[in-house]
Every structure is written in C-alpha cells, then in structure tokens.
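K.L.:
I'd like to ask some things about the structure below.
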Amino acid sequence: MRFSGLRVLKEGLTGNKGWAPHWRDPDPKPEYDVVIIGGGGHGLATAYYLAREHGITNVAVLEKGYLGGGNVGRNTTIVRANYFLPGNSEFYSHSLKLWEGLEQELNYNVMHSQRGLINLFHSDGQRDAFARRGNAMVNQGDDAILLDRDGVRRHLPYLDFDNPRFPVYGGLYHPRGGTARHDAVAWGYARGADARGVDLIQNCEVTGIDVSGGKVRGVQTTRGPIRAKKVAMIVAGRSSQVAAMAGMRLPVESHVLQAFVTEGLKPCIDHVVSFGMGHFYISQSDKGGLVFGGDLDFYASYAARGNLPMVEHVMEAGMTLMPMIGKAKVLRSWGGIMDMTPDGSPIIDKTGVEGLYLNCGWCYGGFKAVPGSGYSTAHLIARDTPHAPAAGFRLDRFRTGVGLMDEEGTGSQHNLH
Ligand SMILES: Cc1cc2nc3c(=O)[nH]c(=O)nc-3n(C[C@H](O)[C@H](O)[C@H](O)COP(=O)(O)OP(=O)(O)OC[C@H]3O[C@@H](n4cnc5c(N)ncnc54)[C@H](O)[C@@H]3O)c2cc1C
C-alpha cells in the first residue's frame with residue numbers, strides 16, 4: 001500500500017475504507033537468522049536496513065510492549081548534526097543525510113521539518129567554544145552560522161536578551177537542524193521492514209539470552225524460546241538489564257528525562273532553541289503545543305516518569321529565557337529512560353559472545369541518530385565489520401580508556417554534567 005496525494009484524495013472521497021494495516025501481526029517462528037531485541041527506533045531501523053541494504057529478511061524484532069511505546073515515542077524530536085568530536089561528527093552527519101531522504105525512502109510522512117536550531121551562548125568563553133564547534137561542523141560538510149546578538153534577535157525577538165544572569169551574547173545557528181514526528185519514524189521503519197518480510201512481534205518480552213560455547217543460540221521470551229544465529233540487543237534504557245541476561249555488565253546507567261507540552265498556540269516559535277546554560281530547550285509542534293525539556297532527574301531509575309524538582313527547574317529556565325512562556329498552560333508531561341554512558345557517546349559493537357551485538361548508550365540524543373544507527377548496526381550484523389561512520393562507538397573504550405568521546409567535556413560521569 002503506497003501513500004500518495006491521489007490516494008489520500010480517493011480515500012477521503014470514498015469513506016477511508018481502503019487503508020490496510022501498516023504491518024502484519026505474526027506469531028514468532030521457532031528460528032530466525034537475526035533476532036533484534038527492542039522495537040524502538042533503533043531496532044526497527046536496523047531491521048529495515050538489514051532487509052533493504054543486505055537482503056537479510058529472516059529477521060524478527062521482539063518488542064515487550066507496542067511499537068513506538070518506548071523513548072522513540074517519548075522524546076522532544078530534535079534532529080541535528082552539530083557535534084564537535086571526530087567519531088560523533090561523521091556519524092551524526094551521515095544520520096542527518098539519511099533523514100533528509102527518509103520520507104521518500106519510506107514513502108511515509110515522518111514530518112521532518114528543517115526549521116533550524118539555534119544554540120545560545122551567554123559569555124565570551126562560550127562564544128569561542130561554539131565558534132570552534134561551528135568550524136568543526138563546516139569542516140564535516142554540515143552547516144553552521146555564528147550569530148551575534150542582533151543576529152539572534154532577528155530570529156528570536158521574544159527572548160529576554162538582557163537577563164542579568166544569562167544575557168544573550170549570540171548563538172550558533174544550524175539551519176538544517178529541526179524536528180520530526182517521533183513515533184511516525186518508528187511506524188515508517190516498521191512498515192518498511194514488514195513489507196520486506198521482517199516479523200514484528202509485539203507483546204513479546206525477552207527474558208533470557210541463550211549462550212553456549214561462547215556463541216549465542218537464541219532467546220527465551222514470554223511467547224516461548226526462539227533460536228537465532230545472531231541476536232542484537234537494542235533496548236535503550238533497558239540495556240543493562242538485557243545485557244545481564246548474557247552475563248554482561250555494561251558501562252551504562254539508566255536515568256529519567258522529562259518532557260512537557262503546552263496547550264496549542266498560534267505559531268510563535270519558528271526554530272528549535274537550545275539554552276544550554278539553563279538546561280532548557282524548546283520548539284513548537286505542528287499542532288501548536290510548545291514542546292520543551294531540560295535536564296535529567298539526577299538519580300538512576302527505570303521509572304518512565306519524572307519528579308517535581310526537575311519540573312520546577314525546567315519551568316524556571318523557560319521563564320528566564322522567554323518570560324512570555326509563563327502565559328502558556330502546560331497540558332502534559334512524561335518521562336523516558338535514558339541509557340547514559342560515562343562519556344555521553346553511544347555504543348554500536350560486537351560483544352565477547354559470538355553473534356551477539358550491542359547498540360545502546362544514546363543518552364538523551366538518540367532520536368536524531370535513528371537512521372544512522374540502524375544503518376550502521378545493520379552493516380555490523382550483516383558483515384561483522386564496523387560501518388565507517390560508527391567505527392568509534394566501541395564498547396572497549398570504557399575498559400581501555402582509548403577513544404573516549406566526551407563531547408561535552410563533562411568528565412567521567414556524564415549523567416552528572
Ligand atoms: C523526554 C525525552 C526527550 C528526548 N529528546 C530527544 C531529542 O530531542 N532528540 C534526540 O535525538 N533524542 C532525544 N531523546 C532520546 C531518544 O528518545 C532516545 O535516545 C532513543 O529514542 C532511544 O532509542 P530507541 O528509540 O531505540 O529506544 P526505545 O524506543 O526506548 O526502544 C527500546 C525498546 O526496547 C524494548 N525492550 C526493552 N526491554 C525489552 C525486552 N526485555 N524484551 C523486548 N523488548 C524490550 C522497549 O519496550 C522499547 O520499546 C529524548 C528522550 C526523552 C525520554
């Protein structure tokens with residue numbers, strides 16, 4: 001079933017009776033070539049690219065809940081390629097290029113909107129750091145423009161430029177940055193993978209990973225055992241728990257991150273605005289709600305909900321930056337579970353168990369990585385060699401200390417900043 005303007009028109013005129021389900025609801029088979037644990041953005045994209053790029057279609061994605069119910073449907077949807085360090089820079093650059101062709105590729109409206117991202121700075125030192133970052137982005141082939149105070153004012157006239165604590169000095173403008181509709185990305189990849197023969201199995205929790213002779217043999221699930229030649233653990237906030245099923249202890253802590261949405265307003269915020277000094281960022285959804293968030297809740301947890309001290313902190317930061325936001329009513333808030341690594345950069349790698357792969361550690365920035373991560377993880381699974389843009393995301397960097405990618409320069413506990 002292909003989507004097109006003509007099709008939408010025809011269905012609209014004939015009572016919308018011709019739409020088919022986006023994917024099948026198969027029972028698990030006893031054996032697959034590849035089993036992917038986790039039906040989030042990264043797991044579904046990996047399944048899609050395994051089929052699309054490598055012709056590997058005897059694949060199952062096992063999801064304990066429903067597709068899109070994890071972080072992929074809970075994030076604040078920012079898509080960008082504004083990284084500084086080699087290793088991250090080329091990876092996110094590749095991912096953004098995939099985003100730019102994604103709707104055509106999937107024949108699915110993921111509402112990718114390149115409305116531009118502006119990272120604000122509030123001191124001379126921060127300006128220098130952003131100038132450096134902008135140069136790195138340009139060297140990588142991405143776009144970056146350093147705006148002075150008046151340049152920011154032209155884009156974001158509603159900010160409090162003269163706040164005594166955080167006066168706005170300028171901003172780093174990344175015009176190709178923007179947003180996308182989060183769960184539509186999961187649905188688009190799910191539909192594409194299903195159409196190529198991948199089995200998407202919901203309500204199927206993996207409860208054990210079978211390993212013998214140093215090799216993975218399959219998984220135990222709430223819907224029975226499934227044998228597999230290769231197994232990929234792609235479960236974001238649950239990575240430590242799932243890896244423990246194979247006897248692994250990961251350098252990952254799980255933390256809560258909250259998001260907030262206001263009532264629908266007329267268009268007033270055209271860009272994504274990031275206020276790093278106050279730990280606050282905001283954009284406006286196509287429905288009109290102001291979508292914003294801030295920092296982690298600062299204690300390890302598997303609860304997908306947050307607490308009031310961070311709510312207060314985020315609201316204060318919003319009021320500091322743009323006092324007019326105080327008139328908007330917050331309608332909803334929620335939390336997601338972030339898989340935080342010590343250096344804040346992810347892991348896409350083989351493990352010590354033959355045939356067992358790991359994709360995790362996306363911290364609070366894994367939504368924008370979905371296409372690139374799926375592409376690189378599929379490459380790793382199919383060819384058993386790292387895909388060049390993701391070659392730096394090695395697991396052993398946390399053991400050897402070689403190749404750490406501390407993008408924010410926050411030291412050994414990224415979750416504490
Ligand atoms: C509030 C918030 C705001 C964010 N904002 C942004 C942003 O603006 N930009 C950005 O790039 N990133 C953002 N992120 C981060 C981003 O959402 C995550 O890094 C990314 O979605 C994680 O990858 P995923 O989509 O595969 O995870 P998930 O969607 O969580 O997928 C993992 C899946 O694994 C399943 N699973 C777990 N255990 C098992 C098991 N035993 N058996 C079977 N299935 C299992 C889960 O049910 C889940 O569906 C944000 C996150 C949050 C919470």
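The values are calculated or read from the model by the stated rules, or taken from the named source; none is laboratory data. From a predicted model like this one, the values you see are computed outputs, not experimental measurements. Neighbour counts are summed over all protein chains in view; Cβ atoms, including those assigned to glycine, are modelled from backbone coordinates with ideal geometry. These accessible areas exclude ligands, DNA and RNA; they are computed on the full protein's heavy atoms, side chains included. Shrake-Rupley method; radii C 1.70, N 1.55, O 1.52, S 1.80 Å.
K.L.:
Considering each of Ala47, Ala20, Ala51 in turn, give the residue that is modelled with pLDDT under 95 and out of contact with any Phe, Trp or Tyr (no Cβ under 7 Å at 6 or more places or on another chain). Give the derivation first.
P.N.:
On the way: Ala47 fails: modelled with pLDDT under 95; Ala51 fails: modelled with pLDDT under 95.
It is Ala20.
K.L.:
Please go through the stretch 282-306 and pick out each residue that is open to solvent by less than 30 Å² (accessible area, probe 1.4 Å), hydrophobic (A, V, I, L, M, F, W, C), modelled with pLDDT under 95 and in contact with a helix residue (DSSP H, G or I) (Cβ under 9 Å, 6 or more places away or on another chain).
P.N.:
Residue satisfying the conditions is Leu296 alone.
K.L.:
Another one. Does any residue of the stretch 190-212 turn out to be hydroxyl-bearing (Ser, Thr, Tyr), touching a Ser or Thr at 6+ places or on another chain (Cβ under 7 Å) and more than 19 Å from Ile37 (Cβ to Cβ)?
P.N.:
Here is the first cut: in the stretch 190-212, the residues hydroxyl-bearing (Ser, Thr, Tyr) are 207, 212.
Remaining after also requiring touching a Ser or Thr at 6+ places or on another chain (Cβ under 7 Å): 207.
Checking the rest, the ones that are also more than 19 Å from Ile37 (Cβ to Cβ) come to none.
Looking for residues that are hydroxyl-bearing (Ser, Thr, Tyr), touching a Ser or Thr at 6+ places or on another chain (Cβ under 7 Å) and more than 19 Å from Ile37 (Cβ to Cβ), one finds none in the stretch 190-212, hence no.
So that you can scan it fast, the table gives a plain yes or no per residue for (1) open to solvent by 20 Å² or more (accessible area, probe 1.4 Å); (2) over 19 Å from the mean Cα position of the chain (by Cα); (3) small (Gly, Ala, Ser):
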{"residue": "Ala60", "(1), (2), (3)": "no, yes, yes"}
{"residue": "Gly68", "(1), (2), (3)": "no, no, yes"}
{"residue": "Leu85", "(1), (2), (3)": "yes, no, no"}
{"residue": "Tyr92", "(1), (2), (3)": "no, no, no"}
{"residue": "Asn107", "(1), (2), (3)": "yes, yes, no"}
{"residue": "His112", "(1), (2), (3)": "yes, no, no"}
{"residue": "Ala131", "(1), (2), (3)": "yes, yes, yes"}
{"residue": "Val138", "(1), (2), (3)": "yes, yes, no"}
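K.L.:
So is Ser93 under 25 Å from Gly276 (Cβ atoms), out of contact with any Ser or Thr (no Cβ under 8 Å at 6 or more places or on another chain) and among the hydroxyl-bearing types (Ser, Thr, Tyr) or not?
P.N.:
Working: under 25 Å from Gly276 (Cβ atoms): yes; out of contact with any Ser or Thr (no Cβ under 8 Å at 6 or more places or on another chain): yes; among the hydroxyl-bearing types (Ser, Thr, Tyr): yes.
When the stated conditions are applied, Ser93 passes them.
K.L.:
Report whether or not Ser376 is at pLDDT 95 or above, part of a helix (DSSP H, G or I) and under 22 Å from the mean Cα position of the chain (by Cα). Even if it seems obvious, please write down each step before you answer.
P.N.:
On the way: at pLDDT 95 or above: yes; part of a helix (DSSP H, G or I): yes; under 22 Å from the mean Cα position of the chain (by Cα): yes.
For Ser376, the condition - at pLDDT 95 or above, part of a helix (DSSP H, G or I) and under 22 Å from the mean Cα position of the chain (by Cα) - is met.
K.L.:
If you check every pair at least six apart or on different chains, which have Cβ atoms under 7 Å apart with a residue in the stretch 343-364 that is over 24 Å from Phe292 (Cα atoms) and more than 9 Å from the ligand (Cβ to nearest atom) first and a residue that is open to solvent by 10 Å² or more (accessible area, probe 1.4 Å) and of a type in the set (Gly, Ala, Ser) second?
P.N.:
Close Cβ pairs satisfying both conditions: Val353/Gly214; Val353/Ala246; Glu354/Gly214; Leu356/Ala246.
K.L.:
So in the stretch 179-191, with the set limited to residues that are touching a Leu at 6+ places or on another chain (Cβ under 8 Å) and open to solvent by 10 Å² or more (accessible area, probe 1.4 Å), which one is farthest from the ligand (Cβ to nearest atom)?
P.N.:
It comes out as Arg191.
K.L.:
So, one more: Has the stretch 2-20 got at least one residue that is of a type in the set (D, E, K, R) and closer than 18 Å to Cys204 by Cβ? First the steps, then the outcome.
P.N.:
Pass one, the stretch 2-20, residues of a type in the set (D, E, K, R): 2, 7, 10-11, 17.
If we keep only those that are closer than 18 Å to Cys204 by Cβ too, we end up with none.
No - not one qualifying residue is present in the stretch 2-20.
K.L.:
Still on this structure, please answer the following. Mind checking which helices (runs of 4 or more DSSP H) fall wholly inside the stretch 88-174 and carry at least 2 residues that are under 27 Å from Gly366 (Cβ atoms)? Lay out the reasoning, then the answer.
P.N.:
Numbers: elements: 88-100, 102-106, 124-139, 149-155.
Where helices (runs of 4 or more DSSP H) fall fully within the stretch 88-174 and carry at least 2 residues being under 27 Å from Gly366 (Cβ atoms), they are 88-100, 102-106, 124-139.
K.L.:
Check every one of the strands (runs of 3 or more DSSP E) wholly within the stretch 322-365 and list those with 1 or more residues that are at pLDDT 95 or above and over 30 Å from Ser212 (Cα atoms).
P.N.:
Working: elements: 330-340, 347-350, 356-360.
The qualifying strands (runs of 3 or more DSSP E) are 330-340.
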